[in-house]
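Student: One structure, pasted below without further comment.
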Amino acid sequence: MTPRMRPTWLALAAIVVATFCGLHAMTHGFSAVTSDGARQLAIAESPRQLPAIGLVDSQGRKTDLRAVVADHPYTVVALVYTQCTSICLVMASSESFLQARLRDAGIEEQVGLLTLSFDPARDTPEVLAQYARRIKADSVTWTIATVADHDDLERLLDVFDVVVIPDGNGEYIHNGALFLVDGDGRMFEALAPDAADLAFERLAALVRSP
């Protein structure tokens, strides 16, 4: 290697090391290969306490996040927007599946469902009510709501590690998960959007455990 080439190789080595360290941190020590996988591990290792963010539901009632999850020993939470035609449909299908499975198992009073819209400008209570009817949500156990104050939206997204990026055409690119929360507002697990079977197994075991 000539002296002239050495700085280039040193620079490349520095880039490789920086990239390695960055990937190591972002993927939770390479235990997860995606940011969603890293989030799942982070929540499992260190459950998060939900803040008391103000909400307005599909019936126009004012409430807050902590109060909704306190209604049941456990709650499954999903973040969506009602005009979504991709991952949100998967999460809506998962929650619909859970609604039926929980009812069939006779534990619907122990596990609630909560769908939160991160598009409060368009997802008004009237729009949320139409959405609730479309997905056949039982209002006794399934709450559909959005933030009451738009200024709280970033705080809501931050606590769930949901990234929302406008695509320039009135839609959003975003990640998602099924979040398991206990009645004290402790989020203790995040599952893939289509992991309804696993969510049911986890919750049924918790409900039936002594």
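Student: If I filter region 134-157 for residues that are over 19 Å from LEU65 (Cβ atoms), assigned by TED's automatic domain parsing to the domain that holds ALA67, touching a strand residue (DSSP E or B) at 6+ places or on another chain (Cβ under 7 Å) and among the aliphatic types (A, V, I, L, M), do I get at least one hit?
Tutor: no
Student: Can you find, within region 186-201, the residue that is farthest from the chain's Cα centre (by Cα) among those that are crowded, with 19+ Cβ neighbours inside 10 Å and either outside any strand (DSSP E or B) or at positive phi (or both)?
Tutor: So, considering only residues that are crowded, with 19+ Cβ neighbours inside 10 Å and either outside any strand (DSSP E or B) or at positive phi (or both), the one farthest from the chain's Cα centre (by Cα) is PHE200.
Student: Would you confirm, using the coordinates I've provided, whether ASP167 is crowded, with 16+ Cβ neighbours inside 10 Å and farther than 14 Å from GLU95 by Cα?
Tutor: For ASP167, the condition - crowded, with 16+ Cβ neighbours inside 10 Å and farther than 14 Å from GLU95 by Cα - is not met.
Student: Taking region 81-98, which residues are touching a residue at least 60 places away in the same chain (Cβ under 8 Å), farther than 17 Å from GLY170 by Cα and over 15 Å from the mean Cα position of the chain (by Cα)?
Tutor: Of everything in region 81-98, those that are touching a residue at least 60 places away in the same chain (Cβ under 8 Å), farther than 17 Å from GLY170 by Cα and over 15 Å from the mean Cα position of the chain (by Cα) turn out to be PHE97, LEU98.
Student: Search region 152-181 for residues that are over 15 Å from ILE87 (Cβ atoms) and pair each with any residue that is acidic (Asp, Glu) when their beta-carbon atoms are under 7 Å apart and the residues are at least 6 apart or on different chains.
Tutor: Here the result reads LEU180/GLU189, each pair linking region 152-181 to a residue that is acidic (Asp, Glu).
Student: Could I ask something else about it? Do any residues in region 55-80 that are farther than 21 Å from ASP36 by Cβ have Cβ atoms under 6 Å from those of residues that are among the hydroxyl-bearing types (Ser, Thr, Tyr) and crowded, with 24+ Cβ neighbours inside 10 Å, where the two are at least six apart or on different chains, and which pairs are they?
Tutor: Partner pairs satisfying both residue conditions: ASP57/THR143; VAL68/THR143; VAL69/THR75.
Student: What is the residue count in region 170-181 for residues that are buried (at least 18 other Cβ atoms within 10 Å of the Cβ) and under 16 Å from THR115 (Cα atoms)?
Tutor: Number of matching residues: 7.
Student: What strands (runs of 3 or more DSSP E) lie completely within region 132-185 and have 2 or more residues being closer than 26 Å to GLN110 by Cα and modelled with pLDDT of 95 or more?
Tutor: 142-147, 178-182
Student: For GLY29, indicate whether it is farther than 23 Å from VAL164 by Cβ, modelled with pLDDT of 95 or more and not in a helix (DSSP H, G or I).
Tutor: no
Student: The conditions are (1) without any contact (Cβ under 8 Å) to a residue 24 or more places away in the chain; (2) at negative phi; (3) surrounded by fewer than 18 Cβ atoms within 10 Å (Cβ to Cβ), and SER139 fails exactly one of them. Which is it?
Tutor: (1)
The values are calculated or read from the model by the stated rules, or taken from the named source; none is laboratory data. Everything numeric in this text was worked out from a predicted model, so none of it was measured. A quick note on method: Cβ atoms are made from the backbone with ideal geometry, for glycine too, and the neighbour counts reach across all protein chains shown.
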